[in-house]
1. Among (1) surrounded by fewer than 17 Cβ atoms within 10 Å (Cβ to Cβ); (2) within 23 Å of S87 (Cβ to Cβ); (3) aliphatic (A, V, I, L, M), there is one condition V6 misses while meeting the rest; what is its number?
2. Filter the range 97-117 for residues that are in contact (Cβ under 8 Å) with a residue 40 or more places away in the chain and hydrophobic (A, V, I, L, M, F, W, C); which is surrounded by the most Cβ atoms within 10 Å (Cβ to Cβ)?
3. Among the helices (runs of 4 or more DSSP H) lying completely within the range 1-93, list those that include at least 2 residues that are under 24 Å from M106 (Cβ atoms).
4. Against the condition out of contact with any helix residue (DSSP H, G or I) (no Cβ under 7 Å at 6 or more places or on another chain), within 20 Å of G4 (Cα to Cα) and among the aromatic types (F, W, Y), how does F112 come out, does it pass?
5. Could you please give the count of residues in the range 80-96 that are modelled with pLDDT of 90 or more, surrounded by fewer than 17 Cβ atoms within 10 Å (Cβ to Cβ) and of a type outside the set (F, W, Y)?
6. Which numbered condition trips up I77, out of (1) closer than 13 Å to N18 by Cα; (2) at pLDDT 90 or above?
7. Tally up the residues in the range 61-91 that are in contact with a helix residue (DSSP H, G or I) (Cβ under 7 Å, 6 or more places away or on another chain), of a type outside the set (A, V, I, L, M) and within 19 Å of E51 (Cα to Cα), please.
8. With the condition kept exactly as written, say whether any residue in the range 65-73 is more than 25 Å from A102 (Cα to Cα), at pLDDT 95 or above and surrounded by 16 or more Cβ atoms within 10 Å (Cβ to Cβ).
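The values are calculated or read from the model by the stated rules, or taken from the named source; none is laboratory data. Because the structure is a prediction, the values reported are computed rather than measured. For neighbour counting, all protein chains shown are included, and Cβ atoms are generated from backbone atoms with ideal geometry for every residue, glycine included.
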Amino acid sequence: MLMGSVLVQTSCLLILSNIFMTYAWYGHLKTLADKPLYIAILVSWGVAFFEYVIMVPANRFGFTALSLPQLKILQEIITLLVFIPFSWYVMKQPLKLDFLWAALCMVAAVYFVFRGS
């Protein structure tokens with residue numbers, strides 16, 4: 001299988017799993033803030049289940065053409081790309097220049113883990 005195809009398909013699955021993960025980790029802070037903690041935990045576990053249903057196949061598929069460090073850096077980049085819009089749009093947090101600097105550091109990390117491929 002072509003590296004590009006694996007990278008695209010893995011990335012798409014990881015984006016979807018990250019949407020679930022981000023909500024499971026942080027969405028309850030807004031949507032369940034008035035509920036007891038155990039409700040937030042149970043809802044988050046339920047959402048995280050779907051994240052794992054997508055993430056585990058994504059990593060297995062990705063590992064057919066990517067190294068473990070490449071998969072990890074790809075995951076972190078996708079997490080950042082999902083988290084920033086979530087933080088701004090859903091959680092109404094201000095965008096900061098520090099997000100740009102963090103993103104540039106992640107781009108450098110991508111360069112270093114993929115440069116030998």
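1. (2)
2. V113
3. On the way: elements: 3-22, 28-31, 37-62, 68-85.
Per the criteria, 3-22, 37-62, 68-85.
4. In short, yes.
5. Residues meeting the conditions: 6.
6. Of the numbered conditions (1) closer than 13 Å to N18 by Cα; (2) at pLDDT 90 or above, the odd one out for I77 is (2).
7. 8
8. Step one: of the range 65-73, the residues more than 25 Å from A102 (Cα to Cα) are 65.
Subset that is at pLDDT 95 or above: none.
The answer is no; no qualifying residue exists.
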